[in-house]
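Chemist: Supplied in structure tokens, the structure appears directly below.
The values are calculated or read from the model by the stated rules, or taken from the named source; none is laboratory data. Note that this is a predicted model, so its numbers are computed, not measured. FYI the Cβ positions are ideal-geometry reconstructions off the backbone, even for glycines, and counts take in every protein chain you see.
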């Protein structure tokens, strides 16, 4: 059920979406889930360990792999990780994390900062 | 390396949505300033609905209660508490944007829905100014003047309610107005008008309501997509209370009968009850007279009038800080089914209806305390803060002059200032002409 697309992946030789490296990370996840089951703390620790060595760039590949494989639990897990990473951070930090540049007109961004000034207060330091 | 970096910015929108809905609201708002794509993704009704859905699911596990407490200086405080054993504070909304802008100092909170708080001011029972406010994103919409006001239609009693129409993904405010000029109370249907957030306008409802009178200021319950309020009908020589129901989606009326509430030959003119949401059904609060005992009825099966069950009559006193407190004013039900009551002196406590346990919530309001369940949301994030628009409406040709010069000059703030010299809030009010 969770791996309905995995068979398809192995059959599809020209697949560029998922590399072997990713497959070794994503695919063991459900087994680990079953082993740990409802023990949240252990799962958290496992998640921390897994992601300590993963850079944001790798994270993208993991997310896209989980998305392609239709693996909802892994996708939710990776999205949760990204959310935790950018939570309460400044706009510049988030831009750097995602490799994005501001494409606002000069006046537009200023207007936004003024309108939502309250949300930019008290963010964590970069 | 640069190829890898550029991949994060090309994540599909569904995945970005999956990330954003997990962020606290403050961070989501910060993300609108990252780039244009993110801004248009977030400030979008579809995303706002997705976020609300996620927030509601979280809320089922960790329900919240919104408290509006007034201090003796007529300042309003809005606080969110966890609706659990510990009842700890979750957050405060310190940025109430309308301090001192209500005629009598503080606003009347009508209700909450999907993170929106609906406020009206209160001028001798007439609500003239209505505001929809989302404290989570600090956005508000001031409604245009309704079609029926005391200047256009003369004296009236009105009940006002607020809810969400899931058919059109729209928020609606509904007023049920019983005009004084219609004659005998309880023998005619009310005038009903609806405000829709998506159109920004009031319009009269076309469906014919059942005969029933609004008694004014009574709260309404929004349950199962419909607004419920207690109306009074005169049949022969006797008055009877019943629940009038207005479905927000279909905009049609229904009725639900109430249990027998009076021993006085079936005449319920003097019976005043208030209705409340109770899970997916309704509850009724009947204050006792003259015993100050509160009766609570619950409709076990929604819309089945035969399932009204009297579950409790609360006795008087409960010790708070060693002093017996009484005069229970019910506020709302907690997720657990306990009822929050306000005791004499503004002390809020939680009462278990099965056991008889009272729990002191250690929260105290000065007066006009409002409590209701609350869900955080981004509703109104896609709209600018909106001052009231002037809405053209058909004038009633039989325009009545309200008896007495005082009401006629209501809109002239300086005159009113002279009438209310004692009220400190007016000194602030005279400097503003916001309303």
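Chemist: Return the residues of region B:9-25 that are part of a helix (DSSP H, G or I) and facing chain A (nearest Cβ under 7 Å); say none if nothing qualifies.
Modeler: Within region B:9-25, B:15, B:18, B:19 qualify.
Chemist: With the condition kept exactly as written, say whether any residue in region B:57-69 is touching a strand residue (DSSP E or B) at 6+ places or on another chain (Cβ under 6 Å), touching a residue at least 60 places away in the same chain (Cβ under 8 Å), more than 14 Å from every other protein chain (Cβ to nearest Cβ) and at positive phi.
Modeler: No; the residues of region B:57-69 include none that is touching a strand residue (DSSP E or B) at 6+ places or on another chain (Cβ under 6 Å), touching a residue at least 60 places away in the same chain (Cβ under 8 Å), more than 14 Å from every other protein chain (Cβ to nearest Cβ) and at positive phi.
Chemist: Being in a loop (DSSP other than H, G, I, E, B) and surrounded by fewer than 15 Cβ atoms within 10 Å (Cβ to Cβ) is the filter here; which residues of region B:85-98 pass it?
Modeler: The answer is B:85, B:86, B:88, B:94, B:95, B:97.
Chemist: Taking only region A:105-116 into account, find how many residues are more than 8 Å from chain B (Cβ to nearest Cβ) and not in a helix (DSSP H, G or I).
Modeler: Residues in region A:105-116 being more than 8 Å from chain B (Cβ to nearest Cβ) and not in a helix (DSSP H, G or I): 1 in total.
Chemist: Moving to a separate point now. Does residue A:77 satisfy the condition of being assigned to a loop (DSSP other than H, G, I, E, B) and either at pLDDT 85 or above or crowded, with 16+ Cβ neighbours inside 10 Å (or both)?
Modeler: Judged against the criteria, residue A:77 is not a match.
Chemist: Ok, one more. Are any residues in region B:213-239 free of Cβ contacts under 8 Å to residues at least 40 places away in the same chain and either under 13 Å from residue B:176 (Cβ atoms) or part of a loop (DSSP other than H, G, I, E, B) (or both), and if so, which ones?
Modeler: Listed by number, the residues that qualify are B:236, B:237.
Chemist: Sticking with this one: With modelled with pLDDT of 85 or more and within 26 Å of residue B:189 (Cα to Cα) as the only criterion, which of B:168, B:91, B:149 stands out?
Modeler: Only one candidate qualifies: B:149.
Chemist: Taking the residues in region B:308-336 that are modelled with pLDDT of 90 or more and assigned to a loop (DSSP other than H, G, I, E, B) as candidates, determine which candidate is nearest to residue B:364 (Cα to Cα).
Modeler: Only one residue fits best here, namely B:334.
Chemist: Any idea which of A:102, A:119 is touching a helix residue (DSSP H, G or I) at 6+ places or on another chain (Cβ under 8 Å), at the interface with chain B (Cβ under 7 Å from one of its Cβ atoms) and surrounded by fewer than 16 Cβ atoms within 10 Å (Cβ to Cβ)?
Modeler: Just a single option satisfies the conditions, and that option is A:102.
Chemist: Of the conditions (1) touching a residue at least 60 places away in the same chain (Cβ under 8 Å); (2) over 27 Å from residue B:60 (Cβ atoms), residue B:273 satisfies every one except a single condition; which number is it?
Modeler: In the conditions (1) touching a residue at least 60 places away in the same chain (Cβ under 8 Å); (2) over 27 Å from residue B:60 (Cβ atoms), residue B:273 misses (1) alone.
Chemist: Take the residues of region B:33-42 that are facing chain A (nearest Cβ under 7 Å) and surrounded by 21 or more Cβ atoms within 10 Å (Cβ to Cβ): which is farthest from residue A:117 (Cα to Cα)?
Modeler: B:35
So that you can scan it fast, the table gives a plain yes or no per residue for (1) surrounded by fewer than 20 Cβ atoms within 10 Å (Cβ to Cβ); (2) closer than 23 Å to residue B:145 by Cβ:
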{"site": "B:183", "(1), (2)": "yes, no"}
{"site": "B:195", "(1), (2)": "no, yes"}
{"site": "B:208", "(1), (2)": "yes, no"}
{"site": "B:221", "(1), (2)": "no, no"}
{"site": "B:227", "(1), (2)": "no, yes"}
{"site": "B:236", "(1), (2)": "yes, no"}
{"site": "B:239", "(1), (2)": "yes, no"}
{"site": "B:246", "(1), (2)": "no, yes"}
{"site": "B:255", "(1), (2)": "yes, no"}
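Chemist: For region A:83-104, how many residues are outside any helix (DSSP H, G or I) and either farther than 21 Å from residue B:382 by Cβ or touching a residue at least 12 places away in the same chain (Cβ under 8 Å) (or both)?
Modeler: Of the residues in that region, 7 qualify.
Chemist: Which count do you get for residues in region A:88-98 that are at the interface with chain B (Cβ under 7 Å from one of its Cβ atoms) and surrounded by 16 or more Cβ atoms within 10 Å (Cβ to Cβ)?
Modeler: 4
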